[in-house]
1. May I ask you to verify whether residue 73 is open to solvent by less than 20 Å² (accessible area, probe 1.4 Å) and at pLDDT below 95?
2. I need a count of the residues in the stretch 88-115 that are of a type in the set (Ser, Thr, Tyr), farther than 19 Å from residue 63 by Cα and open to solvent by less than 40 Å² (accessible area, probe 1.4 Å).
3. Can you tell me which residue among 106, 126, 84 is free of Cβ contacts under 8 Å to residues at least 24 places away in the same chain and of a type in the set (A, V, I, L, M)?
4. Where the second residue is outside any helix (DSSP H, G or I) and not polar (S, T, N, Q) and the first is open to solvent by 60 Å² or more (accessible area, probe 1.4 Å) and lies in the stretch 42-58, which pairs have Cβ atoms under 8 Å and are six or more apart or on separate chains?
Amino acid sequence: MSRRRDRHGRGLRGPLAMPHEHGPMARLRRTRSRDAFFTECVSASAARITKQCPEALRGVQVGVEEVPHLSVAWSGNHVPLAAAIEAGVDHPARVVVYRRPLEHRAASRRGLRILVHRTIVEQLSALTGLSQETIDPEGYGLDTEW
């Protein structure tokens with residue numbers, strides 16, 4: 001390695017994987033952004049609920065927001081993880097999931113996936129009046145694989 005690659009002690013510059021004689025430059029795997037992963041979690045949860053209990057999502061929109069707005073009724077010192085909004089004259093029923101509070105409470109990506117699903121099931125249960133067992137009969141525990 002040449003000394004000019006590490007000028008001023010700032011670390012290596014340039015490509016980390018050089019081309020070799022057998023093919024093009026190796027590609028480094030990129031992890032998904034936090035936003036994309038969270039959206040994927042919400043989509044996977046909605047797909048699972050649609051498969052198990054389609055009537056729970058009938059006429060309900062599921063959306064994502066970064067943080068809850070101050071107009072949302074907070075209970076005590078706890079920041080809400082989601083909100084269930086009943087249908088109005090000009091809008092359908094909605095479940096809004098707040099990304100930042102959920103990410104803050106999850107210890108891992110797998111834990112975030114579980115927390116997102118459980119939160120959506122709880123909000124749908126409150127909105128539709130269906131029990132959580134009806135919406136998600138298999139439950140979603142740590143041993144479940146998606």
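1. no
2. Total meeting the criteria: 0.
3. Checking each option against the conditions leaves just 106.
4. Pairs found: 55/130.
The values are calculated or read from the model by the stated rules, or taken from the named source; none is laboratory data. Keep in mind it's a predicted model, so treat the numbers as computed, not measured. Cβ coordinates were reconstructed from backbone atoms using ideal geometry, including for glycine residues, and neighbour counts include every protein chain displayed. For the accessible areas, the whole protein counts, side chains as well, though only heavy atoms, and no ligand, DNA or RNA atoms are used. Shrake-Rupley method; radii C 1.70, N 1.55, O 1.52, S 1.80 Å.
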